[in-house]
Amino acid sequence: MKIALSVGGSILDDIDYIRKLASVLKKISRKNKLYIVTGGGKTARKYIDICRSFGANESFLDDVGIDATRLNARLLIAAIGNAYPKPATNFDEAIIGGKNFPVVVMGGTHPGHTTDAVTAMLAERVKADKLIIATNVDYVYTADPKKYRNAKVLKKLTADELIKIASRIGGEAGSKSVVDLLAARIIARSKIKTFVINGKNLSSLKNLVEGKKFVGSVIV
Ligand code: UTP
């Protein structure tokens, strides 16, 4: 099976967790081809904020963010061991890397979107059987659960519902949708079987890959 996996930068913040994640991914890669995209997390935010204070423009700041996502990709490559040895910088390179290695890891590609969108595009390019978005919340919610207590869990939703949520939440200052709007649109057009799980829940990740019961949302 081909699996595209987005690992949110916010969960790549703890060495012990990265080690455990890498060991689970290595096991998964014995039976599956893994295409992983890492987010930029705290490192991206830190460097973007500093460069912004120097007056850098937004697309420059996006490139700073992309550099951080690639640094996190290197971190995961080092931890996994049997992956393509460098962060793929575009989809063609990821496809070529995937011919020779069981795991390919990449970060961002171009200014203007996030690694969610990169993972959805990569899933489309490699014709992934599953797109898994490993983030820091357990499910897709109707609103940002970190800001709104009455946000409702959506265990099953359509790609069109995901687009609506991403456009609504993306427009509120400081709120974060679990998936960005471009990613939601690509998921809708490609009809990729997509799952959103909490990346810290490694047994859920294993179960999902093995087709067993898992904690998370399915986009149908
Ligand atoms: P992330 O994908 O990590 O963004 O990329 P995010 O969603 O804000 O963060 P987390 O990881 O889910 O918490 C970090 C930044 O890098 C730039 C964007 O500025 C993004 O906010 N980026 C990333 C791009 O411009 N293009 C890309 O392809 C990827």
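The values are calculated or read from the model by the stated rules, or taken from the named source; none is laboratory data. On a predicted model such as this, the values are computed, not experimentally measured, just so you know. Because the Cβ atoms are built from the backbone with ideal geometry, glycine has one as well, and the counts that use them run over all protein chains shown. SASA here: full protein model, heavy atoms, side chains in, ligands and nucleic acids out. Shrake-Rupley method; radii C 1.70, N 1.55, O 1.52, S 1.80 Å.
Data overview
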quantity	calculated
Projected area, mean over directions - the stretch 36-92, Cα convex hull, nm²	4.2 nm²
All-pairs alpha carbon distance profile, the stretch 112-220, 5 Å steps from 0, percent	2, 13, 24, 26, 21, 10, 3, 0
Stokes-Einstein D in µm²/s, Kirkwood radius over Cα pairs - the stretch 105-176 at 37 °C with 0.692 mPa s viscosity	238 µm²/s
Mean separation of Cα contacts under 8 Å (6+ apart) over length of the stretch 29-166, as relative contact order %	24 percent
Per residue, in Å², the accessible surface of the chain once ligands and nucleic acids are set aside, probe 1.4 Å	50 Å²
For the stretch 91-144, projected area of the alpha-carbon convex hull averaged over all directions, nm²	5.0 nm²
Debye-sum result for the stretch 1-73 in log10 I(q)/I(0), which assumes one identical scatterer on each alpha carbon, at q = 0.11, 0.14, 0.24 Å⁻¹	-0.35, -0.52, -1.02
Hull volume in cubic angstrom per residue (convex hull over the Cα atoms of the chain)	113 Å³
Within the accessible area of the stretch 1-49 (1.4 Å probe), percent carbon and sulfur	52 percent
Gyration tensor (Cα) of the stretch 54-142, equivalent ellipsoid semi-axes in angstrom	22, 18, 14
With eigenvalues of the C-alpha gyration tensor scaled by 5 and rooted, the stretch 137-194, Å	19, 13, 8
Longest to shortest principal axis, alpha-carbon extents of the stretch 68-119, angstrom	31, 21, 14
Mean-position separation - Cα centroids, the stretch 46-62 and the stretch 98-117, in angstrom	22 Å
The stretch 160-168 - phi-based ³J(HN,Hα) in whole Hz, Karplus 6.51/-1.76/1.60, Gly and Pro as x	5, 5, 4, 4, 4, 5, 5, 6, 5
Helix-only mean residue ellipticity at 222 nm for the chain, each DSSP H run of n ≥ 4 adding -39500 (n - 2.57), per residue, nearest 500	-14500 deg cm²/dmol
Amide H within-cut-off set for VAL37, under 5 Å, with H built and near neighbours excluded	LEU5, SER6, VAL7, MET106
Of all accessible heavy-atom area on the stretch 133-220, the percent that carbon and sulfur account for (1.4 Å)	52 percent
Formal net charge of residues neighbouring ASN57 (Cβ-Cβ distance under 15 Å; K, R +1; D, E -1)	-3
Label-to-label distance, nm, for residues given as ASN201 and ASP129 (7 Å Cα→Cβ offset)	2.2 nm
